[in-house]
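K.L.:
One structure is given below, represented as structure tokens, and several questions about it will come after.
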Amino acid sequence: MRRALLTLGALLAAAPVTAQSAGQWQGPEQIWNATCGYCHGAGVAPELRGRKLDPQASAFIARNGAPGMPAFKPSEINDAELDQLARWIALAPIPAKAPQPVR
Amino acid sequence: MTIASFLAAARAVVGKDHVIESPDGLAPFARIMMPVPEAEHAPVGVVSPQSLAEVRALLRLAGEHKTPLWPTSTGKNFGYGTSTAATPGQVTLDLRRMNRVIDIDPVLCTALVEPGVTYKLLQDTIRAQGHKLWIDFPAPGPLVGPVGNSLERGNGTTPYGDHFANTCGFEVVLADGTVLRTGMGGVANTKSWQAFRYGYGPWLDGIFTQSNFGVVTKMGLWLMPAPPAWRSGMAVWDKFEDIGRIVDTLRPLRFDGTIGNCGTLLDSTLFAASTAKRADLYSGKGAIPPSVTLEYARSKGLGAWQYAFSVYGRPDRVASDWKVIETAVAASGGKLVPDAYDPMQVGELSLQTFSIFNWTGGHGLAWFSPVMPLRPTDAIRQVELARGVMDKHGVDFMTGMTLNGREGLNVMPMVFDRGDPDSTARHRACFEELIQAFGEAGYGFYRTGVGFMDQVARVHGETQMDVNRRLKRALDPHGIIAPGKSGIHL
């Protein structure tokens, strides 16, 4: 029983968290939620989803930055991931109205 | 020996995909927000190692090839230089791929992380493991990480807001490849590396912050047990001349722990810059008059100064501390806006601070960051001094002061359009004049960005510069690591 509990403890401790550097992301939505979404659509920078933005242009801006936006480097997000993200943004629907923050 | 030969050798260490030297590839690393030319700070190459062994190998190669390396953790450092170097011709040592959360100890409430770990990754990891632990974030929290920010001695807004004060143990690679574990980290099979900061003998951690004496590859940090209760609020004072009274009111509340966190005192212009567009409020010439932003703040129920703070602890303590603050603020002529919510003060990630980019458009941002002793005379003097210099250059004065017990970090963002050469030149001249004026008035600095490091170092005195140079020569005799950082040259 003690051994079983220890094993369960070890499993819980090892609950998977996806590392968040180039080549480790689980997909575009994870990148959006962990990065882009803190500004875009959060009242800091314009919403990008639902606008059918040109993926090539989005990828270039994310890589090189824009007024008020930092450059995201290949060690954070590699070219393939950036390309996927930009295509996901182009196809993503307009989000439902965000819930008000809990006060 | 050339940069090209170093980069060729580096490819064998980190793999060809993790070395950058093409102009297109380097462009993101050259991007800068400070009012200084990119060409003076742009890197000539980038190498991105993934392990301690690779960092050691790269330092050895850099020594052989006499190639200076500028280490970055996540490489953001908005408004302090982003990932650019103090001097031209350096290769960025990009540590973003080193992103292991090595340990989280829920008993002692500590973590051990690598430089590429972001606050977001650390928070996700803590939550996935089910621990009720808070992390203190700097303003760019989700995108940056504890190692870089703590080494820059950055600040956040919870009781753990002094980030360097809440580190515990570094692993540092010196220029010759020596791996030093500071504090208790030198003990074989150490059990207390993240529990006790000072170790035995001289305590060295400080010399590896805001410096270029080594490359930090691991850092311990302390995490805050989530408090059973908290309440956030905003104290508002209506007039600019209230600043002396505000400082006298808040200082004792910080000293006795009633206000447990590094709250932020914003003037009406920073409030306006965070929530409005400049062109919608003002179309005249020169710096925006404070009366304009005061009127705007009043229209939102705020005033000349607003102090965002939180109280934490057992529910009875929160209620009791709240009453004390309510009484003190009322006695000083202020009013309390209850439950105004700043996510960062309660352990939630946010990038709301960067709404200030919308003030003017354009990606220019530089923080002018003197230390302000928390005396009324100094608070009044610093505001007058900064406003006077900024008015002269047509630069908008605004400030967000992080208030501790004895001092405040008087962090004044300058937001401008880097696409406009005239505006950029004015902000640079203004920044230089501010450093000089504050230095002459007896004030020093919490932190500064590339382009102004030598000038700020001179304010802190020739003797400090000389001793730093002697340490540099002892630890890095070929000047491989980050030449020019904090004004430290060989």
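Nothing in this text is a laboratory measurement; each read-out follows from the coordinates by a stated rule. Values in this document were obtained by computation on a predicted structure and should not be read as measured data. Every residue, glycine as well, gets a Cβ built from its backbone with ideal geometry; the counts of neighbours run over all protein chains shown.
K.L.:
Using only Cα atoms, what is the ratio of the radius of gyration of the stretch B:295-339 to 2.2 N^0.38 Å? Intermediate results must be reported in sequence, preceding the final value.
P.N.:
Values: Rg = 12.3 Å, N = 45, 2.2 N^0.38 = 9.3 Å.
It is 1.32.
K.L.:
Return a whole-number percent for the relative contact order of the stretch B:77-156, with Cα pairs under 8 Å and 6 or more residues apart as the contact set. Could you put the intermediate results ahead of the total?
P.N.:
On the way: 91 pairs, mean separation 20.1, N = 80.
25 percent.
K.L.:
When you look at the Cβ of every residue in B:212-222, what mean number of other chain Cβ atoms sits within 10 Å?
P.N.:
On the way: counts 0, 0, 0, 0, 0, 0, 0, 0, 0, 0, 0.
Taking all residues of B:212-222 together, the mean is 0.
K.L.:
In what sequence, highest mean first, do A:90-96, B:478-484, A:54-60, B:395-401 appear when ranked by Cβ atoms within 10 angstrom? Kindly include the intermediate steps, with their values, before the conclusion.
P.N.:
Values: A:90-96: 11.6, B:478-484: 22.3, A:54-60: 15.4, B:395-401: 25.6.
The densest-packed peptide leads the list: B:395-401, B:478-484, A:54-60, A:90-96.
K.L.:
Please report, in whole Å, how far the alpha carbons of the stretch B:435-475 spread along each principal axis, starting with the longest.
P.N.:
34, 20, 13
K.L.:
Can you pull the three principal axis extents for the Cα set of the stretch B:1-124, in Å, largest first?
P.N.:
Extents along the principal axes: 50, 36, 22 Å.
K.L.:
Please compare each pair in B:76/B:120; B:335/B:392; B:120/B:218; A:52/B:76; B:285/B:335; B:76/B:485 to a cut-off of 22 Å on the Cα-Cα distance and tell me which ones are over it. Before the final figure, lay out the partial values.
P.N.:
On the way: B:76/B:120 14 Å; B:335/B:392 33 Å; B:120/B:218 17 Å; A:52/B:76 29 Å; B:285/B:335 33 Å; B:76/B:485 16 Å.
Checking Cα-Cα distances, B:335/B:392; A:52/B:76; B:285/B:335 exceed 22 Å.
K.L.:
Once the Cβ-Cβ distance between residue B:277 and residue B:204 is put in as r, and R0 is 41 Å, what FRET efficiency do you end up with, to the nearest 0.05? Mind showing how you got there, number by number?
P.N.:
Values: r = 48 Å, r/R0 = 1.16.
Working from the Cβ atoms, E equals 0.30.
K.L.:
For the stretch B:335-443, what does the relative contact order come out to in percent, with C-alpha contacts under 8 Å and a separation of six or more?
P.N.:
Averaging sequence separation for qualifying contacts and normalising by length gives 31 percent for the stretch B:335-443.
K.L.:
Averaged across the residues of A:43-49, what count of C-beta atoms belonging to other chains lies within 10 Å of each residue's C-beta?
P.N.:
Numbers: counts 5, 10, 5, 1, 0, 0, 0.
If you average over the peptide's residues, the count of other-chain Cβ atoms is 3.
K.L.:
Treating cross-link reach as a plain straight distance, find the aspartates and glutamates whose alpha-carbon is under 14 Å from the alpha-carbon of residue B:191, omitting any fewer than eight places away in the same chain.
P.N.:
Cross-link targets: B:103, B:105.
K.L.:
Continuing with the same structure: Size of chain B along its principal axes in angstrom, Cα-based, largest extent first?
P.N.:
Reported extents, whole Å, longest axis first: 65, 55, 41.
K.L.:
Hey, another quick one. Ignore the peptide's own chain and count Cβ atoms of other chains within 10 Å of each Cβ in A:62-69; give me the average, rounded. Don't skip to the answer; put the middle values down first.
P.N.:
On the way: counts 1, 4, 5, 7, 2, 10, 14, 4.
Per residue, the average neighbour count from other chains is 6.
K.L.:
Taking the mean number of other Cβ atoms within 10 Å as a proxy for protection, how do you rank A:25-33, A:68-76 from highest to lowest?
P.N.:
On the way: A:25-33: 16.4, A:68-76: 23.4.
With the highest mean Cβ count within 10 Å placed first, the list reads A:68-76, A:25-33.
K.L.:
OK, next. So what is the relative contact order of chain B, in percent, for Cα pairs below 8 Å that sit 6 or more residues apart?
P.N.:
Working: 1090 pairs, mean separation 83.6, N = 490.
Result for chain B is 17 percent.
K.L.:
What distance in nm separates the simple spin-label points at residue A:60 and residue B:27, each placed 7 Å from Cα in the Cβ direction?
P.N.:
About 0.7 nm, to one decimal.
K.L.:
Give the peptides A:44-50, B:426-432, B:66-72 in descending order of average Cβ contacts within 10 Å, highest first.
P.N.:
Details: A:44-50: 16.6, B:426-432: 21.1, B:66-72: 25.0.
So the peptides A:44-50, B:426-432, B:66-72, ranked by packing, come out B:66-72, B:426-432, A:44-50.
K.L.:
Right, something else. Give the shape of the protein assembly as shown as rounded, prolate or oblate, defined through the alpha-carbon gyration tensor: a ≥ b ≥ c are the square roots of its eigenvalues, a/c under 1.5 means rounded, and otherwise the shape is prolate if a/b is larger than b/c and oblate if not. If you can, show how the numbers build up before the last one.
P.N.:
Working: a/c = 1.30, a/b = 1.21, b/c = 1.08.
Rounded shape, in that the Cα axes give a/c under 1.5.
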